[in-house]
Amino acid sequence: MLVTGLEILAKARKEGYGVGAFNTNNMEITQAILEAAEAKRSPVIIALSEGALKYGGRALTKMVHELARDASVPVAIHLDHGHSYESVLRALYAGFTSVMIDKSGEPFDVNVAETKRVAEAAHAVGASVEAELGRLAGVEEHVAVDEKDALLTNPREAQIFVERTGIDFLAVAIGTSHGPYKGKGKPFIDHARLVEIAKLLGPDYPLVLHGASGVPQELVQRFRAAGGEIGDAHGIAPEDIQKAISEGIAKINTDTDLRLAFTTRVREVLNAEPAVFDPRKILGPAREEMRKVVEARIDLFGSAGKA
Ligand code: G3H
Ligand code: 13P
Ligand code: ZN
């Protein structure tokens, strides 16, 4: 059933578990996410980026909408990293129940003003709103402490930002970054900062972790063995994710792990069966591999059985 992002996340935060926001771009990814959520009886958020909307257009949004409505678990359809007011309006018109406006690259006052405008529009049609404060650049070890401090979310600013904009959940920059290269395998989430932000926003306020993929080493090795090229890839450790959930993170964004699962399996199938040319024999196993990843994430976040 289709619900708003806030309905899912308010309950998650209150009960102390996390909910995955998984990015989709096509039918197989969408099915993998929904099949996993239904098998685990978990609420789930399906995220579509502006790139996904450009790639899949109306075919993608209509399909996701139909499947989400038919699902036997709560599903929110969420715009991931909307960069403009117009982009958000298009998503709302297409039936999204949740939107993100990402003006984190702008000065604080501009971020506040633009985010507030989006929040008013989205709330007028009953959708929930996420925004981001701080830069998700991925903070290198050699970066000086004060420089690092300037990039990551400032707790006091976070409190003012939420008060002034009226957003429903806040994406925080606490050291993670998008993609498969994070932290060189060492713990690096700024937990003290997260705890401070959560303290100022209150015990019920849902926080969001972007760049949260685990980048499972087993998948990285299989990807390489199948001929894929990837550098020193590392994700967020499972213990770090669980700790972050206990400290206030309710929405956990995952895209890279699905991309890795999909492409690894496609490579393996094509290598093992050079004669295959039925797309279903290639995409079917990839869908299955992604479903396993989503199920493992749901178990890690603690949302199984919470639907
Ligand atoms: O945060 C970004 C997501 O991984 C979506 O990526 O913009 O390439 O679709 P994308
Ligand atoms: P990952 O690249 O770690 O999967 O993060 C995805 C994300 O934050 C989407 O908004
Ligand atoms: Zn993101």
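Derivation of every value follows stated rules applied to the coordinates shown; laboratory data play no part. These numbers were taken from a predicted model, which means no experiment stands behind them. For neighbour counting, all protein chains shown are included, and Cβ atoms are generated from backbone atoms with ideal geometry for every residue, glycine included.
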Check: Which three extents, in whole angstrom, do the alpha-carbon atoms of region 254-298 cover along their principal axes, largest first?
Finding: 35, 14, 13
Checklist line | Rh by Kirkwood over Cα pairs, then Stokes-Einstein D for region 48-138 at 1.002 mPa s and 20 °C, µm²/s | finding: 157 µm²/s
Item checked: Amide H within-cut-off set for residue 129, under 5 Å, with H built and near neighbours excluded -> 99, 168, 169
Margin query: For the pairs 243/306; 182/251; 14/40; 62/243; 14/186, flag any whose C-alpha to C-alpha distance is greater than 26 Å.
Written below: 62/243; 14/186
Notebook entry, point to check: What is the Cα radius of gyration of the chain over 2.2 N^0.38 Å, N being its residue count?
Noted result: 0.96
Note to self: Could you work out how much longer the chain between residue 70 and residue 278 gets when fully extended? Use 0.36 nm per residue separation minus the Cα distance between them, nm to one decimal.
What the structure shows: 72.0 nm
Check: How high is the relative contact order of the chain, in percent, counting Cα pairs under 8 Å that sit 6 or more residues apart?
Finding: 23 percent
Next item on the list: Sum -39500 (n - 2.57) across every DSSP H segment of at least 4 residues in the chain, then divide by the residue count to get the 222 nm mean residue ellipticity, nearest 500.
Entry: -16500 deg cm²/dmol
Notebook entry, point to check: Computed over the Cα atoms, what is the radius of gyration of region 75-222 divided by 2.2 N^0.38 Å, N being its residue count?
Noted result: 1.09
Next item on the list: Rounded to the nearest Å, what's the spacing between the alpha carbon centres of region 89-103 and region 196-212? Just the number, please.
Entry: 21 Å
Check: Label residue 225 and residue 243 with points 7 Å out from Cα along Cα→Cβ: what is the distance between them in nm?
Finding: 3.1 nm
Item checked: Amide proton proximity set for residue 179, modelled H, under 5 Å, gap of 5+ -> 256
